[in-house]
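Input: one structure, supplied below.
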Amino acid sequence: MAGAKSDVTIVRDDDNKRLEAHVDGKLAGIAEYIPAKQVIAFVHTEVEPAYEGRGVGSALARAALDMARDADTKFLAVCPFIAGWAARHPEYEPWNYRPTSRVVD
């Protein structure tokens with residue numbers, strides 16, 4: 001049924017530096033990340049068209065930010081989807097990386 005909510009299982013694949021979302025055993029989406037010493041950059045999120053509107057992207061975003069929180073490290077949301085999701089969930093703000101340096105002429 002199109003648009004129906006599904007049970008989404010998230011798998012962390014550190015070898016490929018991504019989180020994978022599976023629905024009914026099939027790959028439904030990914031969130032790619034770049035780990036660094038004190039920050040995790042989330043750079044790309046993609047949901048397969050057949051799974052759009054079924055909570056896959058939100059499940060990936062939540063798992064991504066939980067990953068940073070659970071490691072007690074900051075996250076940098078380069079991916080617009082992750083950035084937008086984080087902005088709507090202020091409970092993750094303590095782990096949101098905010099640069100403190102400023103460039104001036």
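Somewhere in segment 76-85, is a residue open to solvent by 30 Å² or more (accessible area, probe 1.4 Å) and either basic (Lys, Arg) or part of a strand (DSSP E or B) (or both)?
So far as segment 76-85 goes, yes, one or more of its residues are open to solvent by 30 Å² or more (accessible area, probe 1.4 Å) and either basic (Lys, Arg) or part of a strand (DSSP E or B) (or both).
If the Cβ limit is 9 Å and pairs must be 6+ apart or interchain, which residue in segment 88-105 that is within 12 Å of ALA68 (Cβ to Cβ) and modelled with pLDDT of 80 or more pairs with which residue that is open to solvent by 90 Å² or more (accessible area, probe 1.4 Å) and assigned to a loop (DSSP other than H, G, I, E, B)?
TRP95/ASP72; TYR97/GLN38
Right, here's the next one. From (1) open to solvent by less than 60 Å² (accessible area, probe 1.4 Å); (2) within 9 Å of the chain's Cα centre (by Cα); (3) within 18 Å of GLU91 (Cα to Cα), pick out the condition that doesn't hold for ALA68.
The one condition ALA68 does not meet is (2).
Inside segment 35-56, can you point out the residues that are in a helix (DSSP H, G or I), surrounded by 14 or more Cβ atoms within 10 Å (Cβ to Cβ) and of a type outside the set (Phe, Trp, Tyr)?
VAL56
Of the numbered conditions (1) modelled with pLDDT under 95; (2) outside any loop (DSSP other than H, G, I, E, B), ALA2 fails exactly one; give the number of that condition.
ALA2 satisfies every listed condition except (2).
Let me ask something else about it. Being within 20 Å of PRO80 (Cβ to Cβ) and of a type outside the set (Val, Ile, Thr), is that true of even one residue in segment 7-17?
yes
Related question: Do we find that ALA59 is surrounded by 14 or more Cβ atoms within 10 Å (Cβ to Cβ), closer than 21 Å to PRO94 by Cβ and in contact (Cβ under 8 Å) with a residue 40 or more places away in the chain in this structure?
Details: surrounded by 14 or more Cβ atoms within 10 Å (Cβ to Cβ): yes; closer than 21 Å to PRO94 by Cβ: no; in contact (Cβ under 8 Å) with a residue 40 or more places away in the chain: yes.
No: the conditions fail for ALA59.
The values are calculated or read from the model by the stated rules, or taken from the named source; none is laboratory data. Just so it is clear, the model here is predicted, and its values are computed rather than measured. Please note: Cβ atoms are built from the backbone with ideal geometry, for glycine as well, and neighbour counts cover all protein chains shown. Keep in mind that these areas ignore ligands, DNA and RNA; they rest on the heavy atoms of the full protein, side chains included. Shrake-Rupley method; radii C 1.70, N 1.55, O 1.52, S 1.80 Å.
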